[in-house]
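The values are calculated or read from the model by the stated rules, or taken from the named source; none is laboratory data. Everything numeric here is computed off the predicted structure, so don't read it as measured data. So basically every Cβ, Gly included, is an ideal-geometry build from the backbone, and we count neighbours across all protein chains shown.
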Amino acid sequence: MATLTVEQVGKKLDHFKKNFTAQREYLNDFLEQSDEGEIKELWNYLLSPDKKQSTMDIFKGNSLGEYKLAYETFANSLEPIYYWIFDALKGDTFGFRYDVTKVKDAFAAAEASAFYGELGRRRTELEKRASELVGTINMVVKSILNLIYDLKEFELRLDEYDKLHSDEHAVSNGADYALKTIWLTEVDSKKGPGSINALVQNLNYIMVRDAFFSVYIPAVKADEKVDDVEKKVLKKIQDEMDIPDMVKRILQGRIKEYILWRKMSELELRKRYKIERTYLKSQVSSMKMYTEWARPYLIATRKLLPPELRADEMADLPTAFNSMVTYIDIFGKKEVKSAGNSGELKIKDEKNKVFSIIEVKFYYRVIPGGQTQEGYRGHLGRVNIFINGYEMRQKDLDNLEKARQDEVMSFIDIGTKDTLDVISDDLKRFLEQEEKEKTEEKKIEKKFQPFKEHIESVKKHYDSIKEGVEKIASVVETVNKIGQDQQENWNIKRLRKAAQEKGKKDAYKLYYLYKAIHGMLIWE
């Protein structure tokens, strides 16, 4: 199944048409058998703008029963209706005890309404502050990228110094050659006509450059002085190199400069490398801090933006009317642990836990009432309520939550999470502590050497017996696992059946209680 393309998966989902539960089971199987790349590609397809809403319906599954309520009043505020249903689900007054969250809260106002003007002014203030913080985040991100680039440059240079201290002559000599090249191009070249390259080109001192590179200059060890290394190298030049005296005199002066530069530049580079690593850590912390500051402003700004309305919803908002529409969805879940009189049925895999779900959707079409306090007007008008029951597992809830991710969170992640993910390997390498614990190798004492052959013979027989025992244990474990898997699958089926019955029953119970308590007509 995991070899299918995204287009083939889409066609398979269309084949099930409106059977959301069948589509959900198919998607779960596909996700479990796919690799990381295929899962990412599928999610990009499922969360595309034209597929996102249907994707959320798929992971909820088929409704176990939909019940509708409508209430209209121009005398009293409509807010208590929402709170009555919310408290009824969350509390234990009626025995529901659901874990309730608000999953959608959006509104749109007519352009000429009082709602539009007031909320527009508030949104402008939030947008201004949010844009300032986002600008600061972008500057910090740019600083982090520059620091990582600098640190990589330091790593390349320091790698040559590390090789210079190697015990292998070939490695050390190669690093010395590379550092000489850097010194010629970045330090000695600043002398202009007096540099080695200029002497070779202009005054035909061809042997100076070749002699400079041919002299091996070892690293200055911790217990050595720079002067001691200089004396050894200069003596070697004087005694062993068959070159003119003029070249020797030029070479000896440049060798002294090079050795001193190599020593000082290594110290400064290691110091700068450490400082920039510390600064990188500070900048990452600052970016996270600014992100936390910007998050509530961006979320609030997003909530004050009107959603895209369908044609029939647009008709509820004539431009000149003082009206507004509001959408609120609340989602209640309760884990189902038993089926009938079976007692608690245990599920080992957390993703397979079963839940009874009630979803309540509110669609308000309101006008402002009398002003009860500064900046607030009560909502008068009409509210339509849709109560649905569902059965879902934990993995369905996780997928639904992923599909519900707010666009503003994705916007923030573009500047923080996504950036950190791309450079995560570099950050991990630069921010982790350099010191590592040294592991001591265990050594076999010499007095046990005469018994070595006997020990190996016993070990061979022991390994043979151990291998046989492990094979038997593996077979027993496999048989037990098959039995446990079959029992768990049976438990899941029973719990899902119980959750379906409970979801349908609780949805109708909520509908029935609201109508009965508020004096509405009830048809059995």
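Among the numbered criteria (1) within 32 Å of the chain's Cα centre (by Cα); (2) in a helix (DSSP H, G or I); (3) among the hydrophobic types (A, V, I, L, M, F, W, C), which single criterion is violated by F115?
Going through (1) within 32 Å of the chain's Cα centre (by Cα); (2) in a helix (DSSP H, G or I); (3) among the hydrophobic types (A, V, I, L, M, F, W, C) one by one, F115 breaks only (1).
Starting from the stretch 138-149, take each residue that is assigned by TED's automatic domain parsing to the domain that holds T278 and farther than 16 Å from R277 by Cβ and list its partners that are outside any helix (DSSP H, G or I) and of a type in the set (F, W, Y), counting only C-beta distances under 9 angstrom and pairs at least six apart or across chains.
Cβ pairs passing all conditions: none.
If L345 satisfies every condition in (1) under 30 Å from K428 (Cβ atoms); (2) in contact with a helix residue (DSSP H, G or I) (Cβ under 8 Å, 6 or more places away or on another chain) but one, which is the exception?
(1)
I'd like the residue in the stretch 295-317 that is of a type outside the set (K, R), assigned to a loop (DSSP other than H, G, I, E, B) and surrounded by fewer than 13 Cβ atoms within 10 Å (Cβ to Cβ) and, out of all such residues, is nearest to the chain's Cα centre (by Cα).
P307
Among the residues in the stretch 93-102, are any without any contact (Cβ under 8 Å) to a residue 40 or more places away in the chain and at positive phi?
yes
Given the conditions (1) part of a strand (DSSP E or B); (2) over 26 Å from N76 (Cβ atoms); (3) out of contact with any Phe, Trp or Tyr (no Cβ under 8 Å at 6 or more places or on another chain), which single one is not true for K334?
Result: K334 fails condition (3) only.
Limited to the stretch 107-137, what total is found for residues that are free of Cβ contacts under 8 Å to residues at least 40 places away in the same chain and of a type in the set (K, R)?
The number of residues fulfilling the criteria is 2.
Yes/no per residue for (1) within 26 Å of E160 (Cβ to Cβ); (2) free of Cβ contacts under 8 Å to residues at least 12 places away in the same chain; (3) assigned by TED's automatic domain parsing to the domain that holds K163:
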site	(1), (2), (3)
L179	yes, no, yes
E186	yes, yes, yes
Y205	no, no, yes
A211	yes, no, yes
A219	yes, no, yes
D227	yes, yes, yes
L234	yes, no, yes
D239	no, yes, yes
I250	yes, no, yes
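Only one of (1) farther than 12 Å from Y258 by Cα; (2) among the hydrophobic types (A, V, I, L, M, F, W, C); (3) assigned to a helix (DSSP H, G or I) is not met by V220, so which one is it?
It fails just one condition, (3).
Listed here are the residues, each with its yes/no results for (1) of a type in the set (D, E, K, R); (2) under 22 Å from L267 (Cβ atoms); (3) in contact with a Leu (Cβ under 8 Å, 6 or more places away or on another chain).
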| site | (1), (2), (3) |
| --- | --- |
| T185 | no, yes, no |
| V208 | no, no, yes |
| K225 | yes, yes, no |
| D228 | yes, yes, no |
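Since E160 meets every condition but one in (1) at pLDDT 85 or above; (2) over 30 Å from E276 (Cα atoms), which condition does it not meet?
Of everything listed in (1) at pLDDT 85 or above; (2) over 30 Å from E276 (Cα atoms), E160 misses just condition (2).
Mind counting the residues in the stretch 52-80 that are over 35 Å from the mean Cα position of the chain (by Cα), in a loop (DSSP other than H, G, I, E, B) and of a type in the set (G, A, S)?
Number of matching residues: 3.
List every residue pair whose Cβ atoms sit under 6 Å apart, with the two residues 6 or more apart in sequence or on different chains, where the first one lies in the stretch 262-273 and is over 18 Å from E186 (Cα atoms) and the second, anywhere, is of a type outside the set (G, A, S).
Y273/F154
Does M264 satisfy being hydrophobic (A, V, I, L, M, F, W, C) and in contact with a Gly (Cβ under 9 Å, 6 or more places away or on another chain)?
Details: hydrophobic (A, V, I, L, M, F, W, C): yes; in contact with a Gly (Cβ under 9 Å, 6 or more places away or on another chain): no.
No: the conditions fail for M264.
Under the condition of being surrounded by fewer than 15 Cβ atoms within 10 Å (Cβ to Cβ) and of a type in the set (S, T, N, Q), which residue from the stretch 253-282 is nearest to D159 (Cα to Cα)?
Applying the filter and picking the extreme gives T278.
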